[in-house]
């Protein structure tokens, strides 16, 4: 005789006799208070502003002297062109 497999047949006993346990690690409700988070965020924004100001200063040091040099050269060229027109 051939036994049919059925979902109604009892399952063989499991090797693991212990019942499944729920996740044992409990989540922490508030790791930081709202005030602590606000302080951390304010610190981050202050650091970003400081970094941005430093980068702006560096860019000014790099580009504005060059701009001033170009402006000075342009002024000299215009002065020379004015002299040539007079000649």
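The values are calculated or read from the model by the stated rules, or taken from the named source; none is laboratory data. Quick caveat, the model's predicted, so the values are computed rather than measured. Because the Cβ atoms are built from the backbone with ideal geometry, glycine has one as well, and the counts that use them run over all protein chains shown.
Using the structure shown, decide if residue 21 is loosely packed, with under 10 Cβ neighbours inside 10 Å, out of contact with any strand residue (DSSP E or B) (no Cβ under 7 Å at 6 or more places or on another chain) and modelled with pLDDT under 75.
On the way: loosely packed, with under 10 Cβ neighbours inside 10 Å: yes; out of contact with any strand residue (DSSP E or B) (no Cβ under 7 Å at 6 or more places or on another chain): yes; modelled with pLDDT under 75: yes.
Taking the combined requirement at face value, the residue satisfies it.
Among the residues of region 30-43, write down those that are assigned to a helix (DSSP H, G or I) and exposed (fewer than 10 other Cβ atoms within 10 Å of the Cβ).
Of all residues in region 30-43, those assigned to a helix (DSSP H, G or I) come to 34-43.
Correct list: 34, 35.
Does any residue of region 64-71 turn out to be part of a helix (DSSP H, G or I) and either on the phi > 0 side of the Ramachandran plot or within 18 Å of the chain's Cα centre (by Cα) (or both)? Explain how you work it out, then say what you get.
Our first condition is that a residue be part of a helix (DSSP H, G or I); within region 64-71, this holds for 64-71.
Cutting the leftovers down to either on the phi > 0 side of the Ramachandran plot or within 18 Å of the chain's Cα centre (by Cα) (or both) gives us none.
No, because not a single residue in region 64-71 is part of a helix (DSSP H, G or I) and either on the phi > 0 side of the Ramachandran plot or within 18 Å of the chain's Cα centre (by Cα) (or both).
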